[in-house]
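This report concerns only the one structure given below.
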Amino acid sequence: MSRKNSLAVIDFGGQYAHLIATKFRNRGYHAEIRNPEDPVERFAGYAGVVISGSPNLSAFDEESGTLGAVLDLPIPVLGFCYGHQEIAKHYGGSVMRGRQEFGPAILEIVSESPIFKGIPKESTVFMSHGDTVCSVGEGFREIGVSSSAGSGRHTFAAIADDTRRRYGFQYHPEVDDSQFGEEMLMNFARICGLAPTWDVSTSLEERKAAIRERVGDRTVFLLVSGGVDSTVLGELLIEALGPEAVHLLHVDTGFMRQGESAAVTEIFHERCGDRYHVVDASDLFIEALEGVTEPEHKRNIIGEAFVTVCEREMSTLDLSHALLAQGTIYPDTVESGGEKRAKVIKTHHNRVKLMEEMIARGQVIEPLADLYKKEVRDLGASLGIPAPLLERHPFPGPGLAVRLLASRGETPEAFDPALGARATPYLPAGVEGAILPIPSVGVKADLRSYELPLILHQNGGDALDEVFHARIFSCVPSLVKEIPGINRVLISLTGPLPSATPRPAFMTRQRIELLRRADHLVNTALTELGLMEAVWQFPVVLVPLNIGEKGQELVVLRPVSTVRAMTCTVPILPRAFYEGCVAGLSALPGVGAVALDATTKPPGTIEWE
Ligand code: XMP
């Protein structure tokens, strides 16, 4: 695709790089994330470049990657925080250590510039920096100063060279706390000569042409899970290449939801006839996972099993020469592109080593790799895909496997039952806590954690009450901060758990079936009460534990609200919904207790593994 109508956002690992691109795209300007190591020629074709902040680089380090060469390109450049300091330094200004500012500050515009068109003289901006620009080189002017409680007045909060079209902000205009930040970004897009004409449907023809060019007269082989991304990609490929050139494969891993494989088959068989293939590979997946309990180990086995099945089917169908298509979307690409800076929290099923090798050999195409989930849905709508197919909750590639916890029955080393009592001072009266002896994956300070959950119960009160849930949600940050070794907080919906001990349990067909039934029951309750749109995603997790007399499985309900899945909160749902779930789930064989996961991301992640 041509880049002359796009902006490049260079991601130096700042938390908000995603947000910069999103803000532009939401207002009709196409922007995409790039790595600092990309060759300078790649940047030359863009209408402009934005340089993000950085958590670990400072202007006192060597200029990173191709940044110096990018700054010499004749296109507009805007930098924030680290990017701002690099611009000042590159053109002969200076930066000093110290004089930190965190949180809100007042920006005062001291000189006019097109970057501040329409912005009031004073507004609130969001600061998060340790170093400070203290002089600028020839051609540059100070256009904004800041002041904040506790750290006084800061010069050079915004700088500009309108002739070279270089702009730097010490603050973060991309976060919502910066009052007119979004307007400043839009001013930059205008300085780059762009008009707000982008949305996914305007680029549909260009996208199809790019697919045709890449594929040529080859056949494409697409794995369809039935999720939104692969459904949209299937339709896009058929439109771009014609139905004859597209073969679809649905792999039943054994970890699909109830009725899911049949529904996928119904949709695609009708559309593609004998170019739709379905394979029941559940034996292969389940056998490969026998005895495995560690989440990353599981994820790698699942990803590699996908590749094995795919290669086998391609060879059987005499399609080994075909290109493999994947519905990978933007956050996946960025996360793997940013691997140098970001630690692996979870290996996605389409990013295991065997798949990376196929990608390196040029055997894979990922035509949705520049889109967010919302944009994939918009693209699907412009392709005429019915709304109910597009609005479904996202479902992870490894399926129910990452929601079915397995255990050797050993007590985790970090398990200390006495820690539960430390929760008491942070809880409403009558609420008590216990630590559960089984870890799950979370994310703390951008690092993976593998820690234990704290489960709370209230003596005699109503465990399903919405007000009670809200009260507990507000305690979660202090609990996670004060109790070492926990990364999740659960609310028991079925009374106290007297003696939860570890239980050996693996990925058996019987347990998968139990989870499938539990998941189906919860989804049916959501649909019946019209709550599907009130949550973004709703994992149901099965945790093996000996729970006194009561049973051997704890069912955890994990409703989440989010926009980009990089963070999440927990929505409050009505009592009637939980009442129905608890009654139905408690009647399933082996289920001893039901709990609600009250953890935000971070410190939890959405999925437990
Ligand atoms: P976490 O658990 O990391 O999940 O907070 C964020 C989002 O990603 C989904 N997810 C996956 N999707 N393949 C996928 O296609 C995977 O391997 C995978 N792992 C997590 C998860 O369901 C949530 O929406």
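May I have the convex hull volume per residue, in Å³, for the Cα set of the range 151-245?
Numbers: hull volume 17.4 nm³, N = 95.
With only Cα atoms used, the range 151-245 gives 183 Å³ per residue.
Hey, got the dipole for the range 86-130? About the Cα centre, +1 on K and R Cβ, -1 on D and E Cβ, debye to the nearest 20?
On the way: 5 positive and 5 negative charges, 27 e Å.
Here the size comes out at about 140 debye.
Report relative contact order for the chain in percent, whole number only (criteria: Cα-Cα under 8 Å, sequence separation at least 6). Intermediate results must be reported in sequence, preceding the final value.
Working: 1253 pairs, mean separation 59.2, N = 609.
Relative contact order for the chain comes out at 10 percent.
Would you compute, for the Cα atoms of the range 56-147, the largest minus smallest coordinate along each principal axis and list the three values in descending order, in whole Å?
35, 30, 19
Taking the simple approach of a point 7 Å from Cα along Cα-to-Cβ for both Asp199 and Glu287, what is their distance in nm?
5.1 nm
Looking at the range 3-191, send over the antiparallel percent of its DSSP beta bridges, to the nearest 5.
Values: 25 of 41 bridges.
The antiparallel fraction comes to roughly 60 percent.
With viscosity set to 0.692 mPa s and temperature to 37 °C, compute the Stokes-Einstein D of the range 202-399, Rh being the Kirkwood radius across alpha carbon pairs; µm²/s, no decimals.
Working: Rh = 17.2 Å.
It comes out at roughly 190 µm²/s.
Cα convex hull of the range 508-609: how many Å³ per residue? Please report the intermediate quantities before stating the final value.
Details: hull volume 10.6 nm³, N = 102.
Taking only Cα atoms, the range 508-609 has a hull volume of 104 Å³ per residue.
How big, in percent, is the set of alpha carbon pairs in the range 175-298 lying more than 18 Å apart? Spell out each step's value before the answer.
Working: 5133 of 7626 pairs.
Taking all Cα-Cα pairs of the range 175-298, the fraction more than 18 Å apart is 67 percent.
Using just the helices of the chain, give the 222 nm mean residue ellipticity in deg cm²/dmol: DSSP H runs with n ≥ 4 each add -39,500 (n - 2.57), and the total is spread over all residues, rounded to 500. Present the calculation step by step, with values, prior to reporting the outcome.
On the way: 17 runs with 187 residues, N = 609.
Helix-only estimate at 222 nm: -9500 deg cm²/dmol.
So if I place +1 on the C-beta of Lys and Arg and -1 on the C-beta of Asp and Glu, and nothing else carries charge, what would the dipole magnitude of the range 437-492 be about its Cα centre? I want it in debye, nearest 20. Spell out each step's value before the answer.
Working: 5 positive and 6 negative charges, 48 e Å.
With only Lys, Arg, Asp and Glu charged at Cβ, the dipole is about 220 debye.
Taking N as the number of residues in the range 407-597, what is its alpha-carbon radius of gyration divided by 2.2 N^0.38 Å? List each step's numbers first, then the result.
Details: Rg = 15.8 Å, N = 191, 2.2 N^0.38 = 16.2 Å.
Taking N as the residue count of the range 407-597, the ratio is 0.98.
Across the chain, what fraction of all alpha-carbon pairs, as a whole percent, falls in each successive 20 Å bin from zero upward?
Result returned by the calculation: 18, 46, 32, 3.
Antiparallel as a % of all DSSP beta bridges within the chain, to the nearest 5? The partial results should precede the final answer.
Values: 53 of 94 bridges.
That works out to approximately 55 percent antiparallel.
Compute the angle between helix 509-528 and the longest alpha-carbon principal axis of the chain, please, reported from 0 to 90 degrees and rounded to the nearest 10.
Long axis of 509-528 versus the principal axis of the chain: about 60 degrees.
Enumerate the calculated ³J(HN,Hα) couplings along the range 78-93 in order (Karplus 6.51 cos²θ - 1.76 cosθ + 1.60, θ = phi - 60°), each rounded to whole Hz, writing x wherever the residue is Gly or Pro.
Here the 3J(HN,Hα) series is 10, x, 10, 6, 4, x, 4, 5, 5, 5, 4, 5, 4, 9, x, x Hz.
At a threshold of 8 angstrom on Cα-Cα distance, excluding pairs fewer than six apart, so keeping six or more, what relative contact order does the range 3-191 reach in percent? Provide the component values of the computation, followed by the final result.
Working: 454 pairs, mean separation 39.2, N = 189.
Worked out over the range 3-191, it gives 21 percent.
Counting only protein heavy atoms and using a 1.4 Å probe, what share of the accessible area of the chain belongs to carbon plus sulfur, as a whole percent?
Numbers: 12680 of 24320 Å².
With neighbouring chains kept in place, the figure for the chain is 52 percent.
For the range 3-191, restrict the atom set to alpha-carbon positions and state the Rg and Dmax in Å.
14.8, 44
Based solely on C-alpha atoms, express the radius of gyration and the Dmax of the range 147-200 in angstrom.
Considering the range 147-200 through its Cα atoms, Rg and Dmax are 13.9, 45 Å.
If amide hydrogens are placed 1.01 Å from N in the peptide plane, which non-local residues have theirs closer than 5 Å to the one on Val443?
For Val443, the qualifying residues are Ser449, Gly604, Thr605.
Excluding ligands, DNA and RNA, what is the solvent-accessible area per residue of the chain at a probe of 1.4 Å, expressed in Å²?
Roughly 40 Å² per residue, with all protein chains present.
Using only Cα atoms and rounding to the nearest 10 degrees, what angle (0 to 90) does helix 228-241 make with the longest principal axis of the chain?
Long axis of 228-241 versus the principal axis of the chain: about 60 degrees.
Using a simple charge model, +1 on the beta-carbon of Lys and Arg, -1 on the beta-carbon of Asp and Glu, nothing else, what dipole does the chain show about its Cα centre, in debye to the nearest 20?
Details: 58 positive and 78 negative charges, 153 e Å.
Taking the Cα centre of the chain as origin, the dipole is about 740 debye.
Excluding Leu419 itself, what net charge comes from residues whose Cβ is under 14 Å from its Cβ, given Lys and Arg +1 and Asp and Glu -1? All intermediate terms of the calculation are to be shown ahead of the outcome.
Values: positive: Arg422, Lys481, Arg488; negative: Glu413, Asp416, Glu432, Glu451, Glu482.
Result for the local shell: -2.
Taking the Cα centroid of the range 214-229 and of the range 531-597, what is the distance between the two, rounded to the nearest whole Å?
Between the Cα centres of the range 214-229 and the range 531-597 lies a distance of 34 Å.
The values are calculated or read from the model by the stated rules, or taken from the named source; none is laboratory data. In this text, all values refer to a predicted model and were calculated from it rather than measured experimentally. Heads up, the Cβs are rebuilt from the backbone with ideal geometry, glycines too, and the neighbour counts pull from every protein chain shown. Heads up: the accessible areas ignore ligands, DNA and RNA and are worked out on the full protein's heavy atoms, side chains in. Shrake-Rupley method; radii C 1.70, N 1.55, O 1.52, S 1.80 Å.
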